[in-house]
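Novice: So that we are looking at the same thing, I have put the structure below in structure tokens.
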Amino acid sequence: MTISKLINEDNVLRCLHPHLAKSDLQELALVNKAWNTAFQPFLWRNLSFSHVAVYSTLLDNSDEYTKVILKNAAHIERFYFRGCPNPATFLPFFSPCRNLRSFDCRLQYELPQDAFACLNIVEQNQGLVSFFIDGIPIKRLGVAQKFLQVLSQHTGLRRLEFKSADSKISEHLFKAILQSVPRTLHTLDFKWSIEIQGDNDFEFRDDHVILPGWTNNGIKTLELNRTLTGYEHTVVIPFLRHCVRLDNFRPPPQLPVECGPVLTETLREHCPSLSRVLISNQDHDSVIASVVNGSRALNEFRIRYYGSAGSELTMALVAQAAHLHTIEFEDGIFVRSGDIQMILSHCPGLKTFTVEDWQEDGHESLLEIKDMVSSPWVCLGLRDLILPIGSDYGVDAEKQDEEWGQRRQDVITKAYRQLGVLTELRTLSFGAQVPKENSTQFSLDAEGKKDFDLTLASGLDHLKDLKKLWQLDVAALRHRMREAELHWIDANWPNLRDFRGIYMYEGDELSEDEGMEEDSDEEEEEEEEEEDDEDKVAEEEEEEVDTGDQLEEDEPEPEPEGKMTRRHISGFLGKRPYAELY
């Protein structure tokens, strides 16, 4: 078989598609008829509209574009549009599309006719897998009924996300939506800003929308992003009792305390596969612990936008220690030092552990060194660790004698060794935010006493076995890393590619190498011109002076001892061309 014939084989051409940009595909489709046939489907696979000018062009040349769309309708699998002033006029052009797999529509004015046009597209594509609609006027009678009809009769939908600018939705309609989800649905994400109230503001009464009744569904991921204001027992709990395949759950915010025991019982009895939980905007530690206790084998736990994580939640997480591999305390959460240590010393299967920087009203989310060395960590397979560390060594600072210095050094050594056993680490970050002036996070001793400052003198060599480390972030530490530490890193961490915070604080600035001052380009050019003029004058003078009289050359000033210079940084980067230093 010739090379030309081999290239023209459809399967070979199709294998090239994932590696080519859309502009490349357009060029290749013009080579010949065979290549056009092979690449044309990929050019039409993803269709996106987001500019008003595009809609105007389409409508002004409707006859021509109707033929083009009709010809390629079978190839269109993903359709996205936003900013369309009149979807009811625009969408009928795509009614021939019957092979859509994903449909994402953002309605601008929330008009019923626009919602009907979108729902007609969904109804015509029973193979549709993912549907997202933003701006559906769900309070309008005809829209609500059409939405429920399309939802209940669809045979292929697996992911459904929708939200509306309507400020509230009735309890009855909320139940109707939950009871109408197709059995094929795997992911249901409510993005409404809603408060469930009565039906007074709606165009219909309860008897206009029939409740089909609760039945078992196939939902694996359920996200309820807005508060339900007291209707949890009549809406969420009954629905959860029929989510028998639920794996990933985000409960509605601000759940009342009395929901806790019922939620635990419901999840544990009816959702045996629950393994991932995302918590946000909750008011009570006991409610969060109830969700955790509701899982028979929790693998992933993430929490954000919550005040203070208490001991009840910590004990609930420790009870799941045999199964947990991911714990992330994200934005806006205060986690006590003792609770952090409790988790790290009781969860052997952890792969990812994150505590994001948080400081407010004198409280900080960090692990004090005195707690860090109180018991050995058991999560030896940890791969990603983001953990701010404090500067409380548990040693009385008022009694600074020889024994005090030795005790302090012993604590620091234990802290290094605690980190040194995590030989599977890929990411190690001591926090991303620069500590505030009143922060207790790594305030270096003004007298130069031994600190956990990532220097060889304090014990950095205990981390030599972290050979798999790929990313290191020391931006949140007032470290004292210098040239010697950079050479040590080069020799001991061969896989390090991302190094952040290396010169973050006053006193950590890079010293100037000879001839590498930080002047602007214009100033450098002016200096070069002046030097050229001076050289010419010097040459003329040298011709008049006896050749035996040589001018003495000034010796370059020595580099500051121990400081990292640009030459050292360049040398480090030269050995690791993919490394980044910040």
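Novice: Can you tell me which residue in segment 228-248 is most open to solvent (accessible area, probe 1.4 Å), limited to those that are closer than 21 Å to Phe301 by Cβ and part of a loop (DSSP other than H, G, I, E, B)?
Specialist: It comes out as Arg245.
Novice: Another one. Could you tell me how many of the residues in segment 287-311 are surrounded by fewer than 17 Cβ atoms within 10 Å (Cβ to Cβ) and modelled with pLDDT under 95?
Specialist: 5
Novice: Which number in (1) open to solvent by less than 10 Å² (accessible area, probe 1.4 Å); (2) among the β-branched types (Val, Ile, Thr); (3) farther than 26 Å from Ser170 by Cβ marks the one condition that Thr266 misses?
Specialist: Evaluating Thr266 over (1) open to solvent by less than 10 Å² (accessible area, probe 1.4 Å); (2) among the β-branched types (Val, Ile, Thr); (3) farther than 26 Å from Ser170 by Cβ leaves (3) as the failure.
Novice: Further, regarding this structure: Please specify each residue of segment 487-507 satisfying the condition of being more than 30 Å from the chain's Cα centre (by Cα) and at pLDDT below 90. Lay out the reasoning, then the answer.
Specialist: Of all residues in segment 487-507, those more than 30 Å from the chain's Cα centre (by Cα) come to 487-488, 491, 506-507.
Passing the criteria: His487, Glu506, Gly507.
Novice: Among (1) assigned to a helix (DSSP H, G or I); (2) of a type in the set (Lys, Arg); (3) at pLDDT below 85, there is one condition Lys175 misses while meeting the rest; what is its number?
Specialist: (3)
Novice: Let me ask something additional. Mind listing whichever residues of segment 192-207 are modelled with pLDDT of 55 or more and buried (at least 16 other Cβ atoms within 10 Å of the Cβ)? Step through it out loud before you land on a result.
Specialist: Going through segment 192-207, the residues modelled with pLDDT of 55 or more turn out to be 192, 195-196, 203, 205-207.
Trp192, Ile196, Asp206, listed by residue number.
Novice: May I ask you to verify whether Arg140 is in contact (Cβ under 8 Å) with a residue 12 or more places away in the chain, in contact with a His (Cβ under 9 Å, 6 or more places away or on another chain) and of a type outside the set (Phe, Trp, Tyr)?
Specialist: On the way: in contact (Cβ under 8 Å) with a residue 12 or more places away in the chain: yes; in contact with a His (Cβ under 9 Å, 6 or more places away or on another chain): no; of a type outside the set (Phe, Trp, Tyr): yes.
The answer is no for Arg140.
Novice: Still on this model: Given the criterion assigned to a loop (DSSP other than H, G, I, E, B) and of a type in the set (Val, Ile, Thr), identify the matching residue among Val378, Val318. Before the answer, list the steps.
Specialist: Details: Val318 fails: assigned to a loop (DSSP other than H, G, I, E, B).
Within the list Val378, Val318, the selection yields Val378.
Novice: Out of the residues in segment 101-116 meeting the condition of being touching a strand residue (DSSP E or B) at 6+ places or on another chain (Cβ under 9 Å) and farther than 19 Å from Arg158 by Cβ, tell me which one is most open to solvent (accessible area, probe 1.4 Å). Give the steps one after another, and end with the answer.
Specialist: Going through segment 101-116, the residues touching a strand residue (DSSP E or B) at 6+ places or on another chain (Cβ under 9 Å) turn out to be 101-108, 114-115.
Adding the requirement that they be farther than 19 Å from Arg158 by Cβ leaves 106-108, 114-115.
Details: Arg106: 78, Leu107: 16, Gln108: 93, Asp114: 3, Ala115: 0 Å².
Checking each candidate, the answer is Gln108.
Novice: Is there any pair with a first residue in segment 20-36 that is more than 15 Å from Asn46 (Cα to Cα) and a second that is open to solvent by 100 Å² or more (accessible area, probe 1.4 Å) and modelled with pLDDT under 75 whose Cβ atoms are under 9 Å apart and which are 6 or more apart or on different chains, and what are they?
Specialist: Going by the 9 Å Cβ cut-off, there are no qualifying pairs.
Novice: In the list Ala484, Ala415, Ala475, which residue meets the criterion of being in a loop (DSSP other than H, G, I, E, B), modelled with pLDDT of 80 or more, open to solvent by less than 70 Å² (accessible area, probe 1.4 Å) and in contact with a Gly (Cβ under 9 Å, 6 or more places away or on another chain)?
Specialist: On the way: Ala484 fails: in a loop (DSSP other than H, G, I, E, B); Ala415 fails: in a loop (DSSP other than H, G, I, E, B).
After ruling out the rest, the residue left standing is Ala475.
Novice: Separate question: Check Leu157 against each of (1) over 24 Å from Ile279 (Cβ atoms); (2) open to solvent by 20 Å² or more (accessible area, probe 1.4 Å); (3) at pLDDT 90 or above and name the one condition it does not meet.
Specialist: Single failed check for Leu157: (2).
Novice: Let me ask you something else. Can you confirm whether Val68 is at pLDDT 85 or above, surrounded by 12 or more Cβ atoms within 10 Å (Cβ to Cβ) and over 19 Å from Leu128 (Cα atoms)?
Specialist: Yes, satisfied.
The values are calculated or read from the model by the stated rules, or taken from the named source; none is laboratory data. Note that the structure is a prediction, hence the values are computed from the model and not measured. A quick note on method: Cβ atoms are made from the backbone with ideal geometry, for glycine too, and the neighbour counts reach across all protein chains shown. Ligands, DNA and RNA are excluded from the accessible area calculation, which covers all protein heavy atoms including side chains. Shrake-Rupley method; radii C 1.70, N 1.55, O 1.52, S 1.80 Å.
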